[in-house]
Amino acid sequence: MTSLFVFASMAILGATTVFGIFTNCVIVSVNLTEKARGKTSLGSSDLILVTLGLSNIIFQLVMTANDFLSLLWSELYYSDEVYNTLNTLLFLPVYASFWFTVCLCVYYCLQIVIFTNPFLLRVKAEIPKLVPWFLVIAVLTAIAVGVPSFWSTYKDIPSGYLPNNQSLDTEVPKLNLTYLLASNILGCSLPLLLVGISNGLILKSLVTSSKLMEKNTSSPRTEAKKRAARTVSLLLALYLVFYMSEIMMFVDLFPPSSPGFCICLMVIYIYSPAQSVILILGSPKLKKALQSLFQLLVCWKNKQMAKSNILFITLPGSEGSRLSK
């Protein structure tokens, strides 16, 4: 890989890591702080947002370590123990984040859509008790899908286009096809399908309710439904783009440092920060907290600038000239 590609990748990864950790820490800290102060109990949606934020922080840290190591110390990175360990640690938060996203979208769907099925009505009534169990099942599913990747690698000989003087002209570890297919179905495709179904049901419900209330003014509940639908739709769009980029990276569709490879890599880098921004904009509480934080930073900056303007510089001889007058 060219030095320019390595430098650009490291710079973008570093920037997205800082931004992603900051925004996800806002999601986690705001909800946990309110819970600690006893102002409000941690609701079902808040609990899902906290777990999503934590999984995204872990994913961002592991991805940063993984990619920096692969770019700077490739020989160490492609050793069996390091490669398998980092791959497993990378897959766990990714699959967990996918299934947490399913939990959030299904929760919104149950809150918005009007069901007549007795089973779904009972699930909707018991949703506060069921959400923690859904999250536990999501974690267990991520572990069941991600941990086998440690033992699912094989050695592959690099393609002939690699230069002869490259240090990685030996065998490179890769995930075998059987594991890729199974993990793709259980860890990526199935969550994507469930998010798509939830999004479709929410949009259908909003269209139906809007036709019935065309002449009425919009209520706060209607606005909340629209905000939830917008959040789910944006999460689905982000999920689709990330999913396609991930597939193209796994099947080596583009050669390293090519434009297609760079685009897929950038999409993967911005996934966690973009998801956290969508979640913050979809929550009035988080949006207000972020705006307050920015206002505090602006006030602090203005105070620092005011202090710097008050500094006096005494020039040599100025005191004497004052006394002579």
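The values are calculated or read from the model by the stated rules, or taken from the named source; none is laboratory data. Predicted model, so just to flag it, every value in this text is computed and none were measured. Positions of Cβ are generated from backbone atoms using ideal geometry, with glycine treated the same way; all protein chains shown enter the neighbour counts. Accessible surface areas use protein heavy atoms only, side chains included; no ligands, DNA or RNA. Shrake-Rupley method; radii C 1.70, N 1.55, O 1.52, S 1.80 Å.
Close amide H contacts of Val113 (hydrogens built in the peptide plane, cut-off under 5 Å, sequence separation of 5 or more or a different chain): none are found. In order along region 101-106, the Karplus-derived 3J(HN,Hα) couplings, from 6.51 cos²θ - 1.76 cosθ + 1.60 at θ = phi - 60°, round to 4, 4, 4, 5, 5, 5 Hz, and Gly and Pro are given as x. Here the Karplus relation 6.51 cos²θ - 1.76 cosθ + 1.60, evaluated at θ = phi - 60°, turns the backbone of region 7-17 into coupling constants of 5, 5, 5, 5, 5, 5, 4, x, 5, 5, 5 Hz, with x for every Gly and Pro. The accessible-area ordering, largest first, of the residues Tyr78, Tyr239 stands as Tyr78, Tyr239, per a 1.4 angstrom probe. Remark: the Ser233-Val207 segment gains 7.9 nm on full extension, using 0.36 nm per residue and subtracting the alpha carbon distance.
Label-to-label distance, Phe119 versus Leu297, with points set 7 angstrom from Cα along the beta-carbon direction: 4.8 nm.
One chain, two ends: Tyr154 and Met266. Fully extended at 0.36 nm per residue, the span grows by 37.6 nm beyond their Cα-Cα distance.
Across region 243-251, rounded Karplus estimates of 3J(HN,Hα) from the backbone phi angles (6.51 cos²θ - 1.76 cosθ + 1.60, θ = phi - 60°) give 4, 5, 5, 5, 4, 5, 6, 5, 8 Hz, Gly and Pro being marked x.
Subtracting the Cα-Cα distance from 0.36 nm times the residue separation, let me have the gained length for Val18 to Leu32 in nm, one decimal.
So the extension gain works out to 3.0 nm.
Among the trypsin sites (Lys or Arg not before Pro) found in region 15-108, those both in a DSSP coil and sparsely packed, with 14 or fewer other Cβ atoms within 10 Å of their Cβ, are Lys39. When peptides 292-302, 132-142 are ranked by their average number of other Cβ atoms within 10 Å per residue, the highest-first order is 132-142, 292-302.
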